[in-house]
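Here's the structure we're looking at; comments come further down.
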Amino acid sequence: MIGHLAYAVGAPCPTFVLDAGRLPREDSALLAHLAEARRYLVSAGGAHVLKIALVEPSAHPMFDLDYRFVQALPGGEDLFDLRGSCGHSILAAVSAAARSGMLPRLVPGARIRVHVRNNGDSVVCEVDRVERDGARFTVTFVQTSPVPFGALLPAGSPRTVLAAAGERVEVSLVDSANIYAFVDARTLGVPDQAALFAAGPELLARLERIRAAAADRLGWPRGGAFPKIAALLPGDGGGLAARAVTVPGWHPSIALTGVVCLGAAVGVPGTVPWRIAAEHGAGGDGPLEIETPGGRTAVSAVTTAAGPDGDGALLWATVARKRVLFQGSFVLTPLSHLQFEEVARCLALSGAAA
């Protein structure tokens with residue numbers, strides 16, 4: 001079986017892309033195969049590769065590619081979370097699928113329509129530019145029908161108070177692309193953007209405890225990767241500043257799904273992101289600018305106006321200027337000495353890029 005490595009700039013690690021058509025459909029058998037594949041990667045120096053994308057041509061006429069995300073968890077090669085999605089990995093999967101011949105060769109203007117099997121999302125990846133070692137995309141998460149704001153709130157309200165290790169913290173649980181818990185960093189004693197980006201293990205541990213409480217609220221296991229969490233406050237240059245948590249620590253920037261979820265959350269009256277954005281007019285009709293430790297990004301979330309019931313709806317959210325680097329392909333089994341060296345070379349590239 002052929003494996004591929006691709007890295008979406010801003011992600012915490014590369015994505016390991018596999019052909020879903022060559023793997024078992026039943027989860028327990030599938031995870032056994034993925035555990036074996038991870039052992040090969042780890043033995044070649046790839047313990048840092050914790051994102052797996054399973055792809056195949058879609059049988060649905062609306063889509064080009066079916067995609068399923070698997071989050072590998074630290075602590076063992078057989079630990080996985082199948083619950084959520086990953087926008088950076090979607091782009092890595094599109095790049096790898098085109099390189100392998102599963103999709104036509106990428107050209108500027110091409111639109112690849114992806115069906116996310118984890119949660120049913122529809123994602124359009126438009127190619128802006130093709131480079132020797134990768135491509136640049138504009139990504140749009142499209143709703144098949146308008147999603148009322150109320151349906152984006154899994155806790156049933158814009159804000160929820162969670163009990164986390166003896167402290168009560170107000171968060172907004174928002175479900176768009178992935179479920180996120182958004183918290184105002186100032187309520188955790190973080191005064192400004194500089195302090196947020198410089199924060200170390202103490203704040204990380206507090207956010208992990210809040211995330212665990214959010215998992216309890218949703219009825220999800222604490223040891224998984226979802227829901228995600230991000231601390232927010234007004235950005236120094238306008239927009240919002242965000243510090244996000246990933247597996248297994250601080251995210252170098254913020255997940256693509258986190259950008260999409262944050263863009264949706266700013267449009268929902270009463271949420272923590274809406275309240276912070278309203279302090280200095282961020283969001284509104286234009287793109288929402290988001291400052292992270294890894295740089296600046298922007299999202300445009302398109303919504304309908306509030307109807308007679310006072311509830312608007314999300315139509316789509318778009319993120320531009322996303323770059324993917326393709327890092328190589330290799331045969332997984334059996335690994336000859338030369339194939340092992342090729343795996344190690346690809347992993348060295350992926351480590352340098354990340």
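Things worth noting here:
- Projected label distance in nm at R39 and A151, using a 7 Å step from Cα toward the beta-carbon: 4.4 nm
- Reported label for calculated P(r) over Cα pairs in 10 Å bins from 0, in percent given [x] 5, 20, 22, 20, 15, 10, 6, 2, 0; [y] 5, 22, 29, 23, 10, 4, 2, 2, 1, 1, 0, 0, 0; [z] 5, 26, 34, 24, 9, 1, 0: [z]
- Inverse mean reciprocal Cα-Cα distance (Kirkwood Rh) of the stretch 57-127, Å: 12.9 Å
- Apportionment of accessible area to carbon and sulfur, the chain, percent (1.4 Å): 53 percent
- In range of the label at A165: residues from the stretch 202-230 whose backbone nitrogen is under 18 Å from the point 7 Å along Cα→Cβ: 202-217, 222-230
- Multiplying the residue separation of A305 and E202 by 0.36 nm and removing their Cα-Cα distance gives an extension gain of 33.0 nm.
- The mean sequence separation of alpha-carbon pairs under 8 Å and at least six residues apart, normalised by the residue count of the chain, gives a relative contact order of 21 percent.
- Measuring r between the beta carbons of L315 and D78 and using R0 = 45 Å, the FRET efficiency lands at 0.65.
- Relative packing of peptides 151-160, 45-54 - highest average C-beta neighbours within 10 Å first: 45-54, 151-160
- The Rg/Rh ratio of the stretch 140-182, with Rg taken over Cα atoms and Rh as the Kirkwood radius over Cα pairs, comes to 1.09.
- Per residue of the chain, the DSSP helices (runs of n ≥ 4 H) give a summed -39500 (n - 2.57) that works out to -8000 deg cm²/dmol at 222 nm.
- Highest-fluctuation residue, V268, V259, V331 considered, GNM on the chain with Cα pairs under 10 Å: V331
- Gap separating the Cα centres of the stretch 216-234 and the stretch 103-164, nearest whole Å: 19 Å
The values are calculated or read from the model by the stated rules, or taken from the named source; none is laboratory data. It should be emphasised that the depicted structure is a prediction, and the values quoted were computed from it without experimental measurement. Ideal geometry is used to build each Cβ from the backbone, glycine not excepted, and the neighbour counts take in all protein chains shown. Side chains included, ligands, DNA and RNA excluded: accessible areas come from the protein's heavy atoms. Shrake-Rupley method; radii C 1.70, N 1.55, O 1.52, S 1.80 Å.
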